[in-house]
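Input: a single structure, listed below in structure tokens.
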Amino acid sequence: MSLTDRQLNLISKQDAYNGKAEISDGEGLVVRITPQAKIYFDYRCRFNKKSLRIRIGKYPVTSLKEARRKHKLMMELRESGRNPNIALTGELEFITLDDCVAYWLKHYVPQLKAGTQALYRSFAKNYLIGAFPERNVETIPAREWMQWLDTISLDKPKTANSLFTKLRACLNFCKSKFIIEKTDLDRIKRQHVGKAPEVGTRVPTFSELSMIWLAIERSRASSSNKALHQLTMLWGSRLSELRLARRSHFDMEAGIWTVPKELSKTNTPIRRPIPTKARMILERVMATYDDVLFPGGDLDKPITISAANRYIRRIRDGLPIEDWRTHDFRRSLSTGASELGVMPHVVEKMLGHELGGVLAVYNKHDWLKDQLEGYELYAEKLDSYLK
């Protein structure tokens, strides 16, 4: 039975009330009545798989007619997939977080490297899209931003910290394009969100590297997956530089591997020599595979980063040594080559780093001969442990 103004008026004039605490007007519109005879209009519904109870107003400041008008608008918004709270703010046209993310993914992210694009799209899909449905991104309070980030941080503190930087980059890009003016996220500092990624300190020793090498040799995996990680160990390269490599990147006659700028973290080509031990593995790979040298299940596509990491996690779990990652091979190369007498500027080139200061501007020499000597020394040292 629908409510009437007369019914509400009679209740509101009482000093105390001991009747039903809640009376329905139909389709989710209810009045809540306190023992002190105070009357409130609420809208109860489900939105985005959650139960909502939205306070419309207090009677008689908000009349029954006005409550029904707002209730009707709320139902229309909900049925169209929009947050019914919008009916109370009057902001029927505004920019949401989803709008910002979509704009960022379309106009900024495609300029980045393929791996970075995939990472940003994954964060957007898993965390950003749908986080604040039908909310004006410019009016979301800092407290709500922080509560949302803290919820993620409970289980994944490093993810929350990384997510914050990507969210901030997204919103800053939208501000630079005058899509939005400001948000309360600007009030939050990165150090207050989750846990920042730790700077790596793990340096697998030659003894540990030999154990990892043999575990890879004995594992049940595709030859491309094995070769990918063994070559990464020998070259000290970034995994993506090899994982995405093509046959054309290797000049076997000249003995040079060129990482194109599209795959280089520094956005400049990286040239490395092909040492003896790496050449032997590379020749086997080239005899087995076509243009894509390190494929996954599909021979025409490089193995995915998740598949590569899953494989190395299996290797790691089966070894009785301190926790390590593929990226730690770079630290082993840097430390090991330096201990073997390789000059610092040569080690930096072996790692694919840009030289600092004026050298970065004027000196484009690769020291390929010195790099090759360094790689041969490093491989010989590793071989001495393998034997």
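The values are calculated or read from the model by the stated rules, or taken from the named source; none is laboratory data. From a predicted model like this one, the values you see are computed outputs, not experimental measurements. When we count neighbours, we look across all protein chains shown, and the Cβ atoms used for this are built from the backbone with ideal geometry, even at glycine.
Observations on the structure shown:
- Unique residue being within 46 Å of the chain's Cα centre (by Cα), free of Cβ contacts under 8 Å to residues at least 12 places away in the same chain and within 30 Å of S264 (Cβ to Cβ) when the list is K106, K50, K72: K106
- Scanning the range 237-284 for residues that are farther than 15 Å from K226 by Cα, of a type in the set (K, R) and touching a residue at least 60 places away in the same chain (Cβ under 8 Å) turns up R238, K265, R271, R272.
- The one condition from (1) in a loop (DSSP other than H, G, I, E, B); (2) over 46 Å from the mean Cα position of the chain (by Cα); (3) surrounded by 14 or more Cβ atoms within 10 Å (Cβ to Cβ); (4) modelled with pLDDT of 90 or more that L3 does not meet is (4).
- Close pairs from the range 344-368: first not assigned by TED's automatic domain parsing to the domain that holds E241 and of a type in the set (G, A, S), partner at pLDDT 85 or above and assigned to a helix (DSSP H, G or I), Cβ under 7 Å, at least 6 apart: none
- Test result for I140, within 23 Å of K50 (Cβ to Cβ), assigned to a loop (DSSP other than H, G, I, E, B), of a type in the set (V, I, T) and modelled with pLDDT of 90 or more: yes
- Selection status of I11, in contact (Cβ under 8 Å) with a residue 12 or more places away in the chain, over 30 Å from T304 (Cβ atoms) and touching a Phe, Trp or Tyr at 6+ places or on another chain (Cβ under 7 Å): yes
- Residue, modelled with the lowest pLDDT, within the range 116-128, restricted to residues that are crowded, with 16+ Cβ neighbours inside 10 Å and of a type outside the set (S, T, Y): L119
- The residues in the range 153-196 that are over 22 Å from L105 (Cα atoms), in contact (Cβ under 8 Å) with a residue 40 or more places away in the chain and of a type outside the set (S, T, N, Q) can be counted, and the count is 6.
- Any chance L52 is surrounded by 11 or more Cβ atoms within 10 Å (Cβ to Cβ), at pLDDT below 90, of a type in the set (A, V, I, L, M, F, W, C) and part of a strand (DSSP E or B): yes
- Of all the criteria given as (1) part of a helix (DSSP H, G or I); (2) touching a helix residue (DSSP H, G or I) at 6+ places or on another chain (Cβ under 8 Å), the one not satisfied by S306 is (2).
- Per the conditions (1) touching a Phe, Trp or Tyr at 6+ places or on another chain (Cβ under 9 Å); (2) surrounded by fewer than 19 Cβ atoms within 10 Å (Cβ to Cβ); (3) in a helix (DSSP H, G or I), the sole criterion not satisfied by T335 is (1).
- R314 vs. criteria charged (D, E, K, R), crowded, with 19+ Cβ neighbours inside 10 Å, within 25 Å of the chain's Cα centre (by Cα) and not in a loop (DSSP other than H, G, I, E, B): no
- Residue ID - modelled with the lowest pLDDT, chosen from residues in the range 61-90 that are outside any helix (DSSP H, G or I) and loosely packed, with under 13 Cβ neighbours inside 10 Å: G90
- The number of residues in the range 26-47 that are assigned to a strand (DSSP E or B) and among the hydroxyl-bearing types (S, T, Y) comes to 2.
- With respect to being assigned by TED's automatic domain parsing to the domain that holds A379, on the phi < 0 side of the Ramachandran plot and part of a helix (DSSP H, G or I), E322 falls outside the description.
- Selection of the range 208-235 for residues being touching a Phe, Trp or Tyr at 6+ places or on another chain (Cβ under 6 Å) and more than 14 Å from V285 (Cβ to Cβ) yields S210, M233.
- Residue list for the range 251-264, filter: surrounded by fewer than 21 Cβ atoms within 10 Å (Cβ to Cβ), of a type in the set (A, V, I, L, M, F, W, C) and in contact with a strand residue (DSSP E or B) (Cβ under 8 Å, 6 or more places away or on another chain): I256
- A102 vs. criteria modelled with pLDDT of 90 or more, buried (at least 16 other Cβ atoms within 10 Å of the Cβ), among the hydrophobic types (A, V, I, L, M, F, W, C) and assigned to a helix (DSSP H, G or I): no
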